Amino acid sequence: MRGWDAARVAEAAGAELVRGAGGEPARVSIDSRAAAPGDLFVGLVGENTDGGRFAQGALDAGAWGVLVSPAYADVTGGAVLIAADPLAAMGALARAWRRALGASVIAVTGSVGKTSTKELLTSLLAPRRRTVASRANFNTDIGMPPEILAADPGTEVLVLEAAMRGFGEIATLRDICEPDVGVITNIAPVHLEQVGSLEGVARAKAELLPGVATAVVPAGERLLEPYLDGLNVTRFGDGGDVHLAGDTVVAFGERLDLELAFRAEHHRINTLAAVAACLAIGVRPSGRVELPVGHLRGERLELPVGALVINDCYNASPLSMRAALAELSAEPAEGRRVAVLGDMLELGAREAELHREVGEAAASAGVDVLVTVGPRAVAMLDAFDGESYAVADASEAASLVEEILEPTDVMLVKGSRGVGLEVVAEALQEAAPHG
C-alpha cells in the first residue's frame, strides 16, 4: 500500500474513515502482538471474540492505524477505519492493491503439492521477473490478503497458494486475488468429510477457474472437465501439452532447456505444472530447477544415531502418502526402509479403506518396518505383512523409534498435521549415537 494515504486505504477497503493519520501503512498485521510501527492492524471478528479489543494495544505499539468493527471506533493514537466485517474489508483492500500493482497473478490449488508447486514456480520465475510468493500456510481468506498487501510496487508476478476445507472457500480467494492463471495440481481424496466425494473435491478446487486467462490442470483428470468449457486450458503430465520425455521437459512440442535436480515423481509432475504456468504469462524457463524444501515438508535430516530421516510430517493424504513412500523406495539404503505413518484425517466414510491402501503402498514400496500412529492408521497393517508396530500417539512413536532405529536405516515420517509427528524427528535429533 505504499503511496496510499488513509483516505485511499479506507476507500479501497470499503471502510469508513473515522480519523486519518499522516504517511502510509507499511503492511497489514492481524496479530496485535506482532504489530510493528507503521502497520495497519486489522481486528478480525471471531465467534468468541472481537479482535478490535486489541486495537489500542497495537496503536500504543506504534501501528499506523487500525481497521476494526464500529464498536472500537473510539481508540486513539493513529488512523481509525471501521467496517462491519473487517475480514471482508481486508480482502477488498487486498484486491484493490492487486489491481494497482498490475502484476500477473498465478494462484495454485490442488489436493496435494500446492506448496511445492508454488516454490517451483518461484524458483523458475525469480531470475526473470520480480516475483513475490505467499509464505507457507498463508493460503486462506485470513492469510492471503496480508501476503498480497506486502508486495512492493514494481512486483511483476504474484504467486499465491489457495487452500480449502469446504465449498465456497476457494471462490472467496479467487475473488480476492483475481488470478490470471489458475493451477490445479491434482484431485485426490482430501477433506471428504466436508465435500463428500472426489467429485466434490473437483468442484471445490474448480472454483479457482472462472475468469482466469489460462487454466493449468492435470492431463486426463476427467473430474475437472465439466469446469473447463470456454477456458484456455494447458494440460500437464502424460499426454498433456507439457510433459516429460525421459528427463526432458517438452512444452507444446518443443524441448525446454531445463535440468531437474530431483528424481521424485511427484516433484517432477509439479514441475510440469509450474512450467505450464510460467509459459502462460510469457516466461520461458530454463536452467537447473531446484526445489527448496520447507520445514516438515520432506526435509532430510542426518541423525546423531546415524540414520537418515525424510521428515514429511506437515500433512498427509492418500496421494501424498503414496508419493512419499515412492520417494522412500527410491532412496539408496544400506539398511532398512522404515516408515512411521500417522492417521490421515477428514477422509469420511472411506477412511478405513484408504488407510488399508496406504498399507498396500508401503508393502509395494519395499518398506521393511512399518510403524502406524493413531487409531485410523492401524488399518494399514491389514495390508502389510512385514515387521510392524501400532502405537497410539506421536510420543509413543518417538520412544519406539529410538529403540528400533539402526544407523544404516532410512526412515520416512508422515501423517496428518493433527497427529503431531514432528516430535519423532525432534526426539531422534536429541538422542545420543548408538554405541
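Determine whether ALA390 is free of Cβ contacts under 8 Å to residues at least 40 places away in the same chain, in a strand (DSSP E or B) and surrounded by 15 or more Cβ atoms within 10 Å (Cβ to Cβ). I'd like the intermediate steps shown before the answer.
Values: free of Cβ contacts under 8 Å to residues at least 40 places away in the same chain: yes; in a strand (DSSP E or B): yes; surrounded by 15 or more Cβ atoms within 10 Å (Cβ to Cβ): yes.
Considered against the rule, which asks whether it is free of Cβ contacts under 8 Å to residues at least 40 places away in the same chain, in a strand (DSSP E or B) and surrounded by 15 or more Cβ atoms within 10 Å (Cβ to Cβ), ALA390 comes out as yes.
Note on the stretch 47-65: residues that are closer than 19 Å to GLU24 by Cβ, assigned to a loop (DSSP other than H, G, I, E, B) and without any contact (Cβ under 8 Å) to a residue 40 or more places away in the chain total 3.
A count restricted to the stretch 22-46 and to residues that are surrounded by fewer than 21 Cβ atoms within 10 Å (Cβ to Cβ) and without any contact (Cβ under 8 Å) to a residue 60 or more places away in the chain stands at 12. When we screen ALA136, ALA107 for residues that are among the small types (Gly, Ala, Ser), in the same structural domain as THR271 (by TED's automatic domain parsing) and at pLDDT below 95, the only hit is ALA136.
Applying the criterion of at least 1 residues that are more than 27 Å from ARG284 (Cα to Cα) to the strands (runs of 3 or more DSSP E) found wholly in the stretch 66-174 leaves 79-82. Criterion first (in contact (Cβ under 8 Å) with a residue 24 or more places away in the chain, farther than 24 Å from SER197 by Cβ and not β-branched (Val, Ile, Thr)) does LEU370 satisfy it? Yes, satisfied.
Among the residues of the stretch 89-104, are any of a type outside the set (A, V, I, L, M), in contact (Cβ under 8 Å) with a residue 60 or more places away in the chain, surrounded by fewer than 20 Cβ atoms within 10 Å (Cβ to Cβ) and at negative phi? Checked against the condition, which is being of a type outside the set (A, V, I, L, M), in contact (Cβ under 8 Å) with a residue 60 or more places away in the chain, surrounded by fewer than 20 Cβ atoms within 10 Å (Cβ to Cβ) and at negative phi, the stretch 89-104 yields at least one hit. Considering the stretch 236-256, the residues that are of a type in the set (D, E, K, R) and under 27 Å from ALA330 (Cα atoms) include one that is surrounded by the most Cβ atoms within 10 Å (Cβ to Cβ), namely ASP238.
For the stretch 257-312, the candidate set comprises residues that are of a type in the set (Lys, Arg) and assigned to a strand (DSSP E or B); within that set, the residue that is surrounded by the fewest Cβ atoms within 10 Å (Cβ to Cβ) is ARG288.
One line per residue, one yes/no per condition, for (1) in contact (Cβ under 8 Å) with a residue 40 or more places away in the chain; (2) within 30 Å of SER364 (Cβ to Cβ):
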{"site": "ARG263", "(1), (2)": "yes, yes"}
{"site": "ALA280", "(1), (2)": "yes, no"}
{"site": "VAL289", "(1), (2)": "yes, yes"}
{"site": "GLU299", "(1), (2)": "no, yes"}
{"site": "ILE310", "(1), (2)": "yes, yes"}
{"site": "TYR314", "(1), (2)": "yes, yes"}
{"site": "PRO318", "(1), (2)": "yes, yes"}
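GLU360 satisfies every condition listed in (1) more than 30 Å from PHE252 (Cβ to Cβ); (2) out of contact with any Phe, Trp or Tyr (no Cβ under 9 Å at 6 or more places or on another chain) except (2).
Residues in the stretch 122-148 that are touching a residue at least 24 places away in the same chain (Cβ under 8 Å) and of a type in the set (Gly, Ala, Ser): 4 in all.
The values are calculated or read from the model by the stated rules, or taken from the named source; none is laboratory data. Everything numeric in this text was worked out from a predicted model, so none of it was measured. Reconstructed Cβ throughout: ideal geometry from the backbone, glycine too, with neighbour counts over all protein chains shown.
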